[in-house]
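J.: Dropping the structure in here first, questions after.
The values are calculated or read from the model by the stated rules, or taken from the named source; none is laboratory data. No experiment lies behind these values; they were computed from the predicted model shown. A quick note on method: Cβ atoms are made from the backbone with ideal geometry, for glycine too, and the neighbour counts reach across all protein chains shown.
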Amino acid sequence: MKLLIAIVQDKDTSRLTDVLGEEDFKLTKLATTGGFLKEGNTTLMIGTDDDYVDRALEIFRDNCSKREQMVAPISPMGGNADSYIPQPVKVEVGGATVFIMPMEQYYKF
Amino acid sequence: MKLLIAIVQDKDTSRLTDVLGEEDFKLTKLATTGGFLKEGNTTLMIGTDDDYVDRALEIFRDNCSKREQMVAPISPMGGNADSYIPQPVKVEVGGATVFIMPMEQYYKF
Amino acid sequence: MKLLIAIVQDKDTSRLTDVLGEEDFKLTKLATTGGFLKEGNTTLMIGTDDDYVDRALEIFRDNCSKREQMVAPISPMGGNADSYIPQPVKVEVGGATVFIMPMEQYYKF
Ligand code: NI
Ligand code: NI
Ligand code: NI
């Protein structure tokens with residue numbers, strides 16, 4: 001048995017938990033208030049047999065890898081608004097950190 | 001040393017933490033926003049000597065096992081309210097998942 | 001690799017995370033709703049190479065050990081306010097519990 005502890009961005013959490021759920025992974029979401037990744041993130045705990053660890057990692061890789069995204073910038077406060085032409089900028093989003101922890105036993109009551 | 005990570009239903013948390021506290025288990029509650037159990041749940045972390053793991057498991061079994069409960073259903077919105085006779089329905093409540101994790105050392109400062 | 005799980009008081013969290021961040025420790029904060037320490041506390045997770053565990057423990061020891069602090073008491077509601085002279089009282093603040101957990105692997109995506 002392993003316990004996977006994963007820190008992922010909030011925006012990737014919904015898609016990720018859907019995919020994990022479809023493949024019968026059991027997960028618990030913890031409210032996370034800061035951390036490894038700069039934006040709002042969520043910590044997931046997944047208890048799983050050793051045989052399924054690779055598949056879980058693949059799901060993380062496919063659904064929350066770091067990637068670039070074009071976003072419309074916030075227009076600057078004050079300044080010469082007339083001459084300001086907002087240009088979409090590239091930002092890095094996503095990213096996951098996954099810890100594989102040994103688990104000795106687990107019980108369901 | 002072991003770290004027990006337990007996911008329990010919110011409604012069982014108060015009684016459970018009372019019993020664990022009376023027997024000197026030290027616990028930390030994490031806000032949990034979803035997961036293994038369908039209803040609102042809480043994640044507890046309990047650091048304990050190996051000798052007390054069995055007793056902790058017994059407390060979980062006694063205080064938050066899955067069980068059936070009769071609940072009054074919410075009356076349906078709209079529809080023919082006059083002919084609607086609410087019947088209590090059986091629902092499954094409780095349940096706990098407990099992971100036993102090896103801990104190498106712990107420090108108190 | 002180790003995963004350090006630390007429970008610290010809220011009031012020590014900001015200074016602690018600053019110091020840990022300056023030394024390149026990567027940490028995740030979990031919202032904690034109760035537990036080992038009586039006052040509001042925070043749970044931190046820190047993934048680190050074995051070589052840096054001692055330094056991390058030193059940072060915890062230096063920044064959140066138990067200590068005494070003089071605080072102005074709340075003046076009692078009602079009672080004879082005229083004759084009430086508030087005296088600062090000594091209270092114990094701080095304190096940290098740190099669990100050292102083995103980690104088998106970690107991945108960043
Ligand atoms: Ni299936
Ligand atoms: Ni006792
Ligand atoms: Ni550095």
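J.: If I go through the stretch C:5-21 residue by residue, how many of them are hydroxyl-bearing (Ser, Thr, Tyr), more than 16 Å from ligand 3 (Cβ to nearest atom) and within 24 Å of A:LYS29 (Cβ to Cβ)?
T.: Taking the stretch C:5-21 as the starting set, the residues that turn out to be hydroxyl-bearing (Ser, Thr, Tyr) are C:13-14, C:17.
If we keep only those that are more than 16 Å from ligand 3 (Cβ to nearest atom) too, we end up with C:13-14.
Those left that are additionally within 24 Å of A:LYS29 (Cβ to Cβ): C:13.
So the count comes out to 1.
J.: So, in the stretch A:49-61, exactly how many residues are free of Cβ contacts under 8 Å to residues at least 40 places away in the same chain and more than 9 Å from chain C (Cβ to nearest Cβ)? First the steps, then the outcome.
T.: Looking only at the stretch A:49-61, we keep the residues that are free of Cβ contacts under 8 Å to residues at least 40 places away in the same chain, and these are A:51-52, A:54-55, A:58, A:61.
Of the ones still in play, those that are also more than 9 Å from chain C (Cβ to nearest Cβ) are A:51-52, A:54-55, A:58.
Number of matching residues: 5.
J.: While we're here: Here are the criteria: (1) exposed (fewer than 12 other Cβ atoms within 10 Å of the Cβ); (2) at pLDDT 90 or above. Tell me which single one A:ILE59 does not satisfy.
T.: Single failed check for A:ILE59: (1).
J.: Does the stretch A:27-46 hold any residues that are surrounded by fewer than 22 Cβ atoms within 10 Å (Cβ to Cβ) and modelled with pLDDT of 95 or more, and which are they?
T.: Result: no residue meets the conditions.
J.: Could we say that C:ASP24 is exposed (fewer than 13 other Cβ atoms within 10 Å of the Cβ), modelled with pLDDT of 90 or more and within 16 Å of ligand 3 (Cβ to nearest atom) here? I'd like the intermediate steps shown before the answer.
T.: Values: exposed (fewer than 13 other Cβ atoms within 10 Å of the Cβ): yes; modelled with pLDDT of 90 or more: yes; within 16 Å of ligand 3 (Cβ to nearest atom): yes.
Answer is yes for this residue.
J.: Tell me which residues, restricted to the stretch B:83-104, are under 14 Å from B:THR42 (Cβ atoms) and at the interface with chain A (Cβ under 7 Å from one of its Cβ atoms).
T.: Correct list: B:GLY95, B:ALA96, B:THR97, B:VAL98.
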